1. Considering all alpha-carbon pairs of the stretch 16-132, what whole percent are spaced by more than 21 angstrom?
2. At a probe radius of 1.4 Å, what is the per-residue accessible area of Y260, in Å² to the nearest 10?
3. Percent relative contact order of the chain, based on C-alpha pairs within less than 8 angstrom and at least six residues apart?
4. Which value, in Å², gives the accessible area per residue of the stretch 432-472 when a 1.4 Å probe is used on the protein heavy atoms?
5. Tabulate in residue order the Karplus-calculated ³J(HN,Hα) for the stretch 185-196, using 6.51 cos²θ - 1.76 cosθ + 1.60 with θ = phi - 60°, rounded to whole Hz; enter x for Gly and Pro.
6. Show me the ranking of peptides 376-386, 407-417 by mean Cβ neighbours inside 10 Å, starting with the highest.
7. Based on the Kirkwood radius over alpha-carbon pairs, what value in µm²/s does the Stokes-Einstein equation return for the translational diffusion coefficient of the stretch 311-454 at 10 °C and 1.306 mPa s?
8. Once Lys and Arg get +1 and Asp and Glu get -1 on their Cβ, which of P221, T332, L117 lies farthest toward the positive end of the dipole of the chain?
Amino acid sequence: MVFDPSQGATTEPAVEALDAVIIGAGFSGLYMLYRARDVLGLRACVFEAGDGVGGTWFWNRYPGARCDSESFYYCYSFSEELSQEWTWTSKYPEQPEILRYLEHVADRFDLRRDIQLGTRVVGARFDDAADRWEVETSRGDRVSARFLISAVGCLSSANVPEIPGLGRFEGNWYHTGAWPHERVDFRGKRVGLIGTGSTGIQATPVIAAEADHLTVFQRTPNYSVPARNAPLTEEELRKIRTHYAEIWKRARDSFGGFPYQRVERSAFEVDDEEREQIYDQLWQDGGFKFMWGSFNDLLFNKEANDTAAEFIRRKIRETVKDPDVAARLTPTDHPFGTKRPPIDTDYFETFNRDNVSLVDLRESPIVEITPRGIRTEAKEYELDVIVFATGFDAMTGSLLRMDIRGVGGRSLREKWSEGPKTYLGLQIAGFPNFFTITGPGSPSVLSNMPVSIEQHVEWISACIEYMRAHGSTRIEATEKAEEEWVEHVRQVADLTLFPRASSWYLGANIPGKKRVFMPYVGGLLPYRERCDEVARRGYEGFDLRP
Ligand code: N01
C-alpha cells in the first residue's frame, strides 16, 4: 500500500490513499485484486473479515460441505497455467479441497501481501468533492480510495432465526455458515438439525452416520437429485485439460454458466415414455444436469415443471421406506427449481436409518428452545447439539451490515429500504465509484458463480481502464438506467415460475425483508451481451465525470 503524505498531514489518524479497496477475499475478491493490481497496476488492498482467504469456502466447514457444481468448471478460467496445473480429485470436491485451491491462487499470484485478514469493513462514506471513498474497518484502519469494490458474496450473512430461548440452551449450537475450525464431534450425541435447503441436505447423511441420533426439523420439503460423486480419473482430467478453451466458451455462452450441451426441446416435444427415459438417464448421471440438461421449459411452464417434479416425488416414495416419512419429505408447495435445487449423496436414504427422525414443522412449529432441546407445539425433543442449516440473509445482508453512505451521506440501508436497486447488479445510483461484484440484479446465484464473478471483475476492470483513458474520476449509474433495469429484472422474473416459491431469492426467508426477486433470471449470455453493449456505447446509463 502507498501512503499519501498530503492526506496524512491533515487527517488523524493517518489515512492511506489507495486506488481501490476491495471488500472480501473469496472467489471475487481474489480475482479482483489480481486484475486491479497486476493487470491495471492500481494500488489496491483487500479487507477480509475472516482469518483466512476463501470467503464462502472459509466459513462453510460443516460436515458434508462440498460444491454442487462440478470441480473442473467451479474454478477460475482466467489463467491457462492455473487450469493446467491444478488437479481436482473428484467431481464434486469437498470444502477443504476448494479452500486449498483458493489458498493456492492467493499464493500463486502473490495476493496475500495486499490482503488484510481479520478485518471487517464497518463503514464507507463517499466524499463528493474528492470523488473518493473513505473506508473504516473494525480494526480502526481509515483508508481513502477512488474505488470501493464489494466482493462480499451473495450468501455470507448467516441467518440464525430468532427462536425464543436459544441463549438458555445447555448444549452446543452451530450455524453451518460459521462453522468452527475444530472438528465437531457428534459421537454419542443427540443432534437436532434445522433446515432442509442445500446445506441441510448435504449435512444430514454425514451427521447421521456419526451421531447417536439425528432429528431433522423440516419446514419445507425439498426436491433433491443425487450428485453421484466420483473420483476424477487421469483420463478424465487429461480430457478436461485438453478441452478447457471449449469448456469455458460453452459455459460463458450458456444460460447458467454450466458447460452442458444446450437443450432446445420442450418437455412436451417428446412422448411420456421418452420423457421418462430422459429423466431416468439424468437421475443416473446426477447433478444439475437434471435441471439444465433435460428440457428448456421447466422454469417457464408449470405443466412441464410438473413432469420433473412428479418424477422426483416418485423417486422419494420409492426410496423412503416409511410411507408417512416419504409423504412428509415430498415437496408439493412449489415448482421444482424455483428454490435453489439441492443435489445430494444419500439424503432420502438417510431417513431409512434407525437413528434418524423427521419432524414436520408445518404440522407442529417450533415454539422455543429450552435448556434441554427444542420444543415444538407437539413435544420437547431433548438434544445435545443444535445445527442451524437455516441459510443466509442473501444478496443484501452482507452489504447492508456495513454503513455505506453515498452522495449527500445517504445510506444504502435507506436507499434499499424497499428492496435492492441496482443498474446491472454492478452499480447503485447515488453511490459513485462503488461496484458490487455479483450484486442483486445480476445473474449471480442463478448461475455457476465463478463464471459470473469473472465476467463482473473483467467488466469492472475494463470500466476503470476506460475511465483512466478518458481522464474520468467518477462513474455513477443514473437513476433512470437503474429504474429501467430494476423493472426489467422484475418483468423477466415474472415470466418464470420463480416467484411462486417462498425462496431466499425473494428474501422470503428473513422475517420483515422486503419481497423482491433479487437475481437476474434472463440468462448469463444475454446479460453479458447487455453489459458489453453498455460498455461499447461509452458506458450507457452511467454518468462519467472528469
Ligand atoms: O439455506 P436455505 P442453505 N425455522 O435458505 C429453513 C448455497 N449453497 O444454507 O424453506 C425452521 O436454502 C428453511 O425453510 P424454508 C445455495 O445457493 C451452495 O441450505 O424457508 N426452518 C430451509 O429449509 C443454497 O441455496 C452449496 O421453509 C427454517 C433452510 O432452513 C444457499 O447456499 C452448498 C427457519 C434454509 O435453506 C443456501 O442454502 C450449500 C426457521 N425459522 C449451499 N429459517 C454449493 O454447493 C429457515 N429455515 C456451492
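1. The answer is 42 percent, as a whole percent.
2. 30 Å²
3. This gives 19 percent for the chain.
4. 21 Å²
5. Result, rounded to whole Hz: 8, 9, 4, x, 9, 9, 10, x, 10, 9, x, 10.
6. The peptides rank, most packed first, as 376-386, 407-417.
7. In µm²/s, the coefficient is 82.
8. So the residue we want is L117.
The values are calculated or read from the model by the stated rules, or taken from the named source; none is laboratory data. Just so you know, these numbers come straight off a predicted model, no measurement behind them. Note: ideal-geometry Cβ built from the backbone for every residue, glycine included; neighbour counts use all protein chains shown. To get the accessible areas, we keep the full protein, side chains included, count just its heavy atoms, and leave off ligands, DNA and RNA. Shrake-Rupley method; radii C 1.70, N 1.55, O 1.52, S 1.80 Å.
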